[in-house]
Structures are given as structure tokens and as C-alpha cells.
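The structure appears below as C-alpha cells.
Read-outs throughout are calculated quantities, based only on the coordinates presented, and are distinct from any laboratory measurement. Just so we're clear, the structure is a prediction, and the values are computed from it rather than from any experiment. Cβ placement follows ideal geometry from the backbone for every residue including glycine, while neighbour counts extend to all protein chains displayed.
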Amino acid sequence: MELICPAGTPAAFKEAVDAGADAVYCGFRDETNARNFPGLNFSREELGQSIVYAKARNVQTFVALNTFMRAGCESLWHKAADDAVRLGASALILADFGLMAYVAETYPQQRLHVSVQASASNREAIRFLVDAFGARRVVLPRILTVQDIARLTRQIDCEVEVFAFGGLCVMAEGRCSLSSYATGKSPNMNGVCSPASHVKYRQEGAEMTSELGDYTINRYGPGEAAGYPTLCKGRFSVGEESGYAFEDPVSLDVMDHLDALRDAGVSALKIEGRQRGKAYVAEVVATLKKSLTADASGRAALISRLRLMSEGQRTTSGAFEKRWR
Amino acid sequence: MLVPSVLAKPLDFAPLALIEHFARRIFDRVLKVHPDLFERLGDYRSKRFCFSPSDLPLHFVVIPEGRVVEVSRGIRQPTADAVISGPLFILLALLEGRCDGDALFFSRDLMVTGDIEAMLALRNALDDSVIDLAADLGGMTGPLAPLVISTARYIRSRALRGKAL
């Protein structure tokens, strides 16, 4: 299985390549990608240089253009696709059907991957994307069990990529409106979930309070591990109870299921984290690369170290091993 | 690792002007060696960033655009657009991109207040700049450079030993 690694900056890109990535995914410095954070992402020149660096080491570069085009501003996304193709991207990761149509018609030879943001999670949807736009790979939403994935891969004619490690969404990628509700901005349209411009932290004694827009979303006790300031990972009062109503602040780790995913026909494992620093990228990529060739017992020891770097300092296999149904 | 009190205590009395002069020289050196920092920082370069080492009695305010460095002492933090606080060695490791800021936030080693967008931009700009403070310090010390660099790297590796990024 290929290891698909994140890069938010050229320095992180280089770390990912040097640590053993098979492919690195990244985006331009604008709203065409779902990690449109301040100080992050690539200029055209930086992407070109990074692709050259990767190609010289036999590593692929995937360019994420995985937000949905704003009506009347389609040229921003078209231009981004034009530039990514011109610079030599190995594949474009797309979510918007209109943009997929543009790329398929303008650059029929360009490899097209379906972003997780497209929420393509069933046979019919994926077959449609393969037939209509020539999609070569689909990144599955994090809502399927390993058994679901195995059934699906047998019924479709394209490669399957799954998230293996890193931040965990609320399992409605491309359709989640929680960030829009609280801030007016979303990962789907603006490329930002819970934008930093709307985040505030307050230290009150040994407690830390996080706020998003007008909402207090969490209070962490002294020494309690923290999570991202997103509504989905906020604490809510529901009836008589208070706690995490959507999901806990915890990261995804499905490395215990590597063999099952391989047997299920998965082609590539994706590491989430374009917003993370280069130190994280280097450590996670190198560890997961080693894990791919380690036996099951050695794998657990390798991965345990990564837990401390995870959101809430905890990990879960999430829906891949669904226990709540 | 925290700064030992035997080293932190003298800073209660050391002349602020002297500390400020030394901090400004390092800052100027970093900006000279890494001019790309400004480009990635964009409009946030005019913000007042405050660094408050929790194990030192000092606060450092930096305005990248004006190459301003101000040092103050006391419990009250100076006025700033964004403030980051945590142990000195953690702040320095973050400055060099040797640690992941999110991981340090999750573990509560770091606290960020004020304009989070500005601080995020600075974090990302620093992370891309491949700063090596030991080498930059060495570059200021002429013939003593090899000794300064190796000593600074030794202290850095000791200070960050066992730290998950």
C-alpha cells in the first residue's frame, strides 16, 4: 500500500519525502483547498520546486483542490487546476463535480482522485465518478467499517485510499455545517474549519476555556489534554448530562487494521495533517513507513509513541471498527 | 526541561537594556538569514507578538515588520496582539520547528491567547523557515563559533530529551 503524506509548507513537504512518503499531498495558498489557514500552503513557485524535488526521488505529488467552487468565481479553481497540471502534479484531488468535469474535459490524461470531501461512499456514486470523469482513485469518507470497504472495493473499478492516521472529522465530510453555523465559514466553501480568526482561548487559573465565535465550546481542567477548537469536539449539556455529544477530542489510528485493509483491497493509506508542523510530519511518516513492513507486535510499539502527538493525546479506530451499531 | 532557577534568578536583576540588546541581535540575525519568513507571514508581520517563557521572569515582544524587540519584566504581560507562553526551551524548539505546535497545545505545554490567526501565521512561517538557533548564534561569535554551536546544540538536545516532539 502507498503512504500518502501531508505537507502544509515546502519544509514539511521535504520532510515527508525524506521520511519515505510514496506521495505527498498539498494545496495552493487560497480557498481552493480545505486547509486554507494563515501562513500555510504553497505558492506556484514553491509547488513547482517541490514537485521537482519529489520527482527526483521517485515520489508523487497530489494537489488538493478540494473545496466547492463559488458561483461566479469558478475561474479561481480552473486556474488552480491549470497551474497544478502545468507544474507536473501526479494527481489532482477534487471534490466539486463541476471542477472534475473541467479537468476531465481539458486534461483527459491527468490523473483525477476523488477527495473525501466529495463523500463518495457507495458503489453507485463511485461508479458514476469513474464513468463520468475517469476518476482513478477515491478517498473514502471515514464512515465505513473494514468489512464495508472490502465489499466496496470488489464492486468498483478504481483504486481506494483510506485515512489511516491523524485528525478525525465528524464523518460528514463535504456536508458538515457546524463551522458555518458558528462562524459563517466552512471547510467546504472557504477551506477553513473553525477558522483561527474566530477562535479564542482564555486561561482561568489552571483551567483553559476555548471559544469559537460566540460559543464557549470547551473547558479543560488542569493538565487535561486538549483538542481542536471545533464544535464537533465541544462539550454539550444534553438533558441531564454534560459531555462530548458528537465526538471526543481524539485522533484516528487504524494501524492495528493494516493487514485487514490490505486484504480488503485498499491501495493507499492517507495521513491527515497538512496543518501540522514539519516535526510531526517527519515523525509520523517515518513511523508509519516502518509499520508497513513490521509485524503486528512490532507495529503496536512503533505507533504508541505517536499517541502523545495526537489530539487529546488519544487515538481511536473510529468507524473502521464500528462497535456502536 | 525548565530553565534551572540558578540560571533564571539572576534575570530578576540583570539590566533589561542588556537583555534587550542581546535578544535584538539574535532576532536581527534570524531575519537576515531567513528573509523568507516575512513573505509567508504576510500582513501579520505588523502584529505585536509576545513570548512569555513561564520559567523566566521576562516577556519578549516582537514586531517583525519594524524589527522591534522589547523586553519587560514582571507578572503582568505587556500589551500584545497575540501571546504565547510555555517553558523557554519549548518556545525555542517551536521557533526552530523542532516541535509540533499542535502537539504542544494538546499536551498543555503551550498556551496561546489573543489573535490566534496571527499566532498561527507566525507558527507556520517559522516552521517553514528551517531556523537553527545554534548555528545563528554561532554566526555572531566569530572564532568562537564552533564552540558556541556545539554547546548550544548539546543544551538543546538535553532540554528536549524525552519530549514528544
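The A:Asn122 and A:Phe246 beta-carbon pair, evaluated with R₀ = 22 Å, returns a calculated FRET efficiency of approximately 0.45. Give, as a single signed number, the net charge of other residues whose beta carbon lies under 12 Å from the beta carbon of A:Thr106, with Lys and Arg counted +1 and Asp and Glu -1. Cβ neighbours under 12 Å give a net charge of 0. Using a simple spin-label model with pseudo-atoms 7 Å out from Cα toward Cβ, B:Thr141 and B:Asp36 lie 2.7 nm apart. Relative contact order, whole percent, for the range A:122-181 stands at 38, derived from Cα pairs under 8 Å and 6 or more residues apart.
With θ taken as phi - 60° and the Karplus curve 6.51 cos²θ - 1.76 cosθ + 1.60 applied, the whole-hertz 3J(HN,Hα) list for the range B:83-91 is 10, 10, 9, x, x, 3, 5, 5, 4 Hz, x standing for glycine and proline.
Cα convex hull of the range A:7-61: how many Å³ per residue?
Convex hull of Cα atoms, per residue: 66 Å³.
Spin-label pair A:Met189-A:Tyr215: with each label point 7 Å from Cα along the Cα-Cβ axis, the two points sit 1.7 nm from one another. Which of A:Ser210, A:Ser267, A:Ser242 moves the most in a Gaussian network model of chain A with Cα springs under 10 Å? Highest fluctuation of the listed residues: A:Ser242. Counting only Cα atoms, the range A:194-244 measures 32, 23, 16 Å along its principal axes, largest extent leading. One decimal place: the segment A:Ala301-A:Asp256 gains 15.1 nm when fully extended, by the rule 0.36 nm per residue minus the C-alpha distance.
Counting alpha carbon pairs within less than 8 Å and at least 6 residues apart, what relative contact order, in whole percent, applies to the range B:75-142? Walk me through the intermediate numbers first.
Working: 57 pairs, mean separation 26.7, N = 68.
After rounding, I find 39 percent.
Taking a ≥ b ≥ c as the square roots of the eigenvalues of the Cα gyration tensor, chain A is rounded, since a/c falls below 1.5.
Using θ = phi - 60° in the Karplus curve 6.51 cos²θ - 1.76 cosθ + 1.60, the 3J(HN,Hα) couplings for the range B:118-134 round to 5, 5, 5, 4, 5, 4, 5, 5, 5, 4, 7, 8, 6, 7, 10, 4, 4 Hz; x is entered for Gly and Pro. Remark: spin-label model distance A:Asp82-A:Glu45 equals 2.1 nm, labels positioned 7 Å along the Cα→Cβ axis.
Taking the DSSP beta bridges with both ends in the protein assembly as shown, the antiparallel portion is around 45 percent.
Within the range B:5-131, all pairs of alpha-carbon atoms sorted by distance into 5 Å bins from zero give the percentages 2, 11, 20, 26, 22, 13, 5, 1, 0.
Averaged over the residues of peptide B:125-137, the number of Cβ atoms from other protein chains lying within 10 Å of each residue's Cβ is 3.
Here the range A:186-235 and the range B:4-37 have alpha carbon centers that stand 32 Å from each other. Among A:Gly239, A:Gly39, A:Gly134, the largest mean-square fluctuation in a Gaussian network model of chain A, built with springs joining Cα atoms closer than 10 Å, belongs to A:Gly239. The string of couplings for the range A:80-85 from the Karplus curve (6.51, -1.76, 1.60, θ = phi - 60°) is 5, 5, 4, 5, 5, 5 Hz, one whole number per residue in order, with x for Gly and Pro. In whole Å, how far is the Cα centre of the range B:87-150 from that of the range A:1-70? Result: 23 Å between the Cα centres. Average 1/r across all pairs of distinct alpha carbons in the range A:1-111, invert it, and you get the Kirkwood radius: 13.9 Å. For the range A:68-191, the gyration tensor built on C-alpha atoms gives an oblate shape. Its axis ratio a/c (a ≥ b ≥ c) is at least 1.5, and a/b is not larger than b/c.
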